Every structure is written in C-alpha cells, then in structure tokens.
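Engineer: Just passing along the structure, written as structure tokens.
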Amino acid sequence: MDLLVVGSGFFGLTIAERAAASGRKVTVIDRRPHIGGNAYSEDEPTTGIEVHRYGAHLFHTSNPGVWEYVNRFTTFTDYVHRVYTNHKGVVFPLPINLGTINQFFQAAYSPDEARALVHELAGEFDAKDAANLEEKGIALIGRPLYEAFIRDYTAKQWQTDPKDLPAEIISRLPVRYTYDNRYFNDTWEGLPTDGYTAWLERMADHPNIEVRLGTDFFDDSQPFHKTATVGQLPVVYTGPVDRYFDYAEGALSWRTLDFEQEVLDVGDFQGTSVMNYADADVPYTRIHEFKHFHPERADRHPSDKTVIMREFSRFATREDEPYYPVNTPDDRAGLVAYRELAKGEQGVLFGGRLGTYQYLDMHMAIGSALSMWNNQLA
Ligand code: FDA
C-alpha cells in the first residue's frame, strides 16, 4: 500500500481516486458503515425516494476544473434550487428579493423604490458600529425584514438570542431587487442523476482502491490505526483535527443537526423541496421533502406517499456529528495551535471540512483535494 486515506467523504475519495489513477495503491478507511461522508444518500425503503441522510445536499460550482472532474463520475439533472420560508403562516420566497419585499409590505414597489425603502429602514444602525448580530442585521436590511426573516431563524440555528451573538457572524444579508429567487448564483448546478451514493461509489471503483468501512483510525484493535500507520506510510487525514491530537489544545466547537424523518400518506406535502420556518414558535428550522429534488423520477415515486425530514439545530457534544464550525475566538486560537501541530506531523496531510475546521461546500472540498493532490502529493 502506498497511501492511507482516513475518511471516505468527497475530500478523501478525490485524493484516493487521483492517487489510484496515477498507479498508487490506496486504502480508504471510514468509521461509518457506509461510504461518502456527509454527502451519502440512500433510498427510503418503503417509497424508493432518495433521502440525503446528513441533510440536503445541492451540488453547485463555478469552478471549471471541478465541474469537468465531477462529470467523469456522474451526470447532473437540471434541478435548480429554490427555498421558501413560512412566516406567521404565510409563505415568502428566499433569498429576500423583490417578491419577498412586495409580499411583506403588501406593495408593488419598483426595484428603485424597494432599494430606497430598505436603505431608509437600515439607517437605524450603522453596520460598522453594530455591537451584536441583531444590530448588524438591522443595519443591513432594516428592522421589519430582519425581525420577520432573520431574527428567530438565527436564534433557532444558534440556540442563542441574536443580541448575544457577535456581529461578525454575518458580513452581508443579500437582498435582490429583482424577482429572481434562484438560491445559488453558480455557473453549474444540479443533482447527480443516479444519486449521491452511485457517484461516490464510482469514484472509489478502481482496482487500486480498497475501502474498509467500520474502521476507526483511533481504534488500536483495528487494522490501519494511527499508531500502526503514521510514520510508516503517507496518510491523508480528513477526520476532526482536534481528535487527531487528542484534544491537546481543547475541543473545537461545532453545531450539529437532528433530523426527524417521516413517511406521510400524501402525494405532496409542501409542493417544494425546502421550506424554512422563520418563527420562534416552530421548533425546527426547516422541512425537506425529498421527492421534489428529483421531479424527473416522478414515474418511479409513489403518487400517494412522500418522505419529509424536519431539521433541528443545536450545539454539538463530543458524541454528536460535527456539522458547522462555531468559530468563537477560542476556536480560532485553538485552530492556530492545531495548525502548528499539524505542520510538525511528518507524513500526514490534514484536509476536508473536519481536518481543517472549515465549512466547505462539496465543490470546495473536491477543489481543495485536487489542489492537495497536484501540489503536495502527485
Ligand atoms: P465528510 O464529513 O463528508 O467526510 C469525512 C469522513 O471522515 C466521514 O465519513 C467520517 O466518518 C470520516 N471519519 C472521521 N473520523 C474518522 C476516524 N477516526 N476514522 C475513520 N474515519 C473517520 N455542500 C454543498 O455543496 N451543498 C449542500 O447543499 C450541502 N449541504 C450540506 C448540509 C449539511 C447539513 C452539511 C453538514 C454539509 C453540507 N454540505 C453541502 C457540505 C458537504 O457535506 C461537505 O462539502 C462534504 O461533506 C465535505 O467532504 P469531506 O470529505 O471534507 O467531509
């Protein structure tokens, strides 16, 4: 074996695929019982509807190199992501756009009129002087829109009143002065035609790649554990960086999500794939309805059943799946210390969202793995 990859998410699989294609023998281990990290999906057994087990995953990129690369393993549907939000029992389009504004103010403002209104409302605070997230939000879009669409949703995401959250969490709140409610602005967007798991499996499908699931890098009773491999052969590690160093510089903080999945005896529950719930009296942040991600599969989906998933957000304990870095000043200091430790770790490269303590979209994880391969491993 020439290379050990810890973690079979998009970062690890991209490294493994590139290494295998260049003739190296690679072993990929993952502690989960399935391949693919957080992008893994599976068909709900009673309906055959593809469910994204770790939250909705929409592929989008403007990076031509990444787009060319991913198309070697899958084609993409022409799905275009749009999100709506329920506020006080009324549904509005997101991101905040001219449609949201006119519906909210029961008006027919032109783009210039809406821009002038938001500018006037935002005058209550200066963004530069904002002492907390609430003041920053008001300084960016004005109090009425902030209180309706941002305040309670943010409080649910962070389990914290936005008055107690740092202003830096948001740098901007995009407002579009057109009726365009396309969620992503990227050049390419779509969902893998045969699903995420087929795509991920094709990346690993090479005679030079061996995948071992249910194998934890820190379990000395299993093959390919840390003590047996580091220093013996090159390792690319995509697990949590603080865990690698036994939390020597403290645990980095994460938010996690809880998902409640349900099969309903109704053909269509909400008419769209993602509905946010903006208000405090609804405990979840959003509901996903998976059949809407693949309208082209309508003939395969049951007409009288659907699968929905409610999403709840909270701070993660060490036992939870880490999803989004919290990034407090303590976390940033810890990360600097872990980066120093990582530099001194001979023969080990740290990558991916857990290994670098960074939120990465899929195209960013793949792009950064391609760079690591080209610049440090090839
Ligand atoms: P990933 O977490 O996928 O893989 C790491 C792997 O390492 C895991 O499989 C884990 O089990 C394994 N591992 C950890 N410790 C180990 C150990 N000790 N031993 C062995 N294995 C170990 N992106 C996007 O482009 N569009 C989207 O819509 C979304 N949506 C989204 C929703 C949610 C809720 C989240 C949390 C994330 C997204 N993403 C996303 C981001 C996407 O999930 C992310 O880009 C990829 O998961 C990154 O791949 P990695 O390989 O870096 O990590």
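Engineer: Just to be sure I understand the model, the point goes 7 Å from the Cα along the line to the Cβ. What's the resulting ASP194 to ALA298 distance in nm?
Structural biologist: About 2.5 nm, to one decimal.
Engineer: Would you work out if region 5-113 is rounded, prolate or oblate? Take a ≥ b ≥ c from the square roots of the eigenvalues of the alpha-carbon gyration tensor; rounded if a/c is under 1.5, else prolate when a/b is larger than b/c, oblate otherwise.
Structural biologist: Here region 5-113 falls in the prolate category.
Engineer: Same structure, new question: Can you tell me how much longer the chain between THR328 and GLN261 gets when fully stretched, taken as 0.36 nm per residue apart minus their C-alpha distance, in nm with one decimal?
Structural biologist: Working: separation 67, 0.36 × 67 = 24.12 nm, distance 3.12 nm.
Length difference between fully extended and current span is 21.0 nm.
Engineer: Now, a different point. Arranged from highest to lowest average of other beta-carbon atoms within 10 Å per residue, in what order do the peptides 193-201, 226-234, 315-323 appear?
Structural biologist: Top to bottom by mean Cβ count within 10 Å: 193-201, 226-234, 315-323.
Engineer: Can you work out the accessible area per residue across region 89-177, with the rest of the protein chains kept in place, probe 1.4 Å, in square angstrom? Don't skip to the end; give the middle numbers.
Structural biologist: Numbers: 4330 Å² over 89 residues.
That works out to 49 Å² for each residue.
Engineer: Rank-order 216-222, 29-35 by packing density, defined as the average count of other C-beta atoms within 10 Å over each peptide's residues, highest first.
Structural biologist: Descending packing order for the listed peptides: 29-35, 216-222.
Engineer: Per DSSP H run of at least 4 residues, take -39500 (n - 2.57); add these up for the chain, divide by its residues and hand me the 222 nm value, nearest 500 deg cm²/dmol.
Structural biologist: On the way: 12 runs with 101 residues, N = 378.
Helix-only estimate at 222 nm: -7500 deg cm²/dmol.
Engineer: Based on the mean of other Cβ atoms within 10 Å per residue, sort peptides 126-134, 252-260 so the most packed one is first.
Structural biologist: Numbers: 126-134: 15.3, 252-260: 17.0.
Peptide ranking by packing, descending: 252-260, 126-134.
Engineer: Let me ask something else about it. Given 37 °C and 0.692 mPa s, how large is the Stokes-Einstein diffusion coefficient of the chain in µm²/s, with Rh as the Kirkwood radius over Cα pairs?
Structural biologist: In µm²/s, the coefficient rounds to 145.
Engineer: Still on this structure, I have one more. With a ≥ b ≥ c taken as the square roots of the eigenvalues of the C-alpha gyration tensor of region 82-157, please select rounded if a/c is under 1.5 and otherwise prolate if a/b is larger than b/c or oblate if it is not?
Structural biologist: oblate
Engineer: Can you tell me the accessible area per residue over region 235-335, all protein chains present, probe 1.4 angstrom, in square angstrom? Walk me through the numbers on the way to the answer.
Structural biologist: Working: 4630 Å² over 101 residues.
Per-residue accessible area for region 235-335 comes out at 46 Å².
Engineer: In nm, give the distance between the simple-model label positions of ALA116 and SER22, each being 7 Å from the Cα along the Cα-to-Cβ direction.
Structural biologist: Here the answer is 6.0 nm between the modelled labels.
Engineer: What does the charge count near GLY37 come to, summing +1 for each Lys or Arg and -1 for each Asp or Glu among other residues with Cβ under 10 Å from its Cβ?
Structural biologist: Neighbourhood net charge equals +1.
Engineer: Using the basic label-point model (7 angstrom from Cα toward the beta carbon), what is the PHE315 to GLU340 distance in nanometres?
Structural biologist: Result for the modelled spin labels: 2.6 nm.
Engineer: May I ask you to give the percent of accessible area on the chain that is carbon plus sulfur, with a probe radius of 1.4 Å?
Structural biologist: Carbon and sulfur: 49 percent of the exposed surface of the chain.
The values are calculated or read from the model by the stated rules, or taken from the named source; none is laboratory data. Just so it is clear, the model here is predicted, and its values are computed rather than measured. Note that each Cβ is placed from the backbone with ideal geometry, even for glycine, and that neighbours are counted across all protein chains shown. Please note that ligands, DNA and RNA were not included when accessible areas were found on the heavy atoms of the full protein model with its side chains. Shrake-Rupley method; radii C 1.70, N 1.55, O 1.52, S 1.80 Å.
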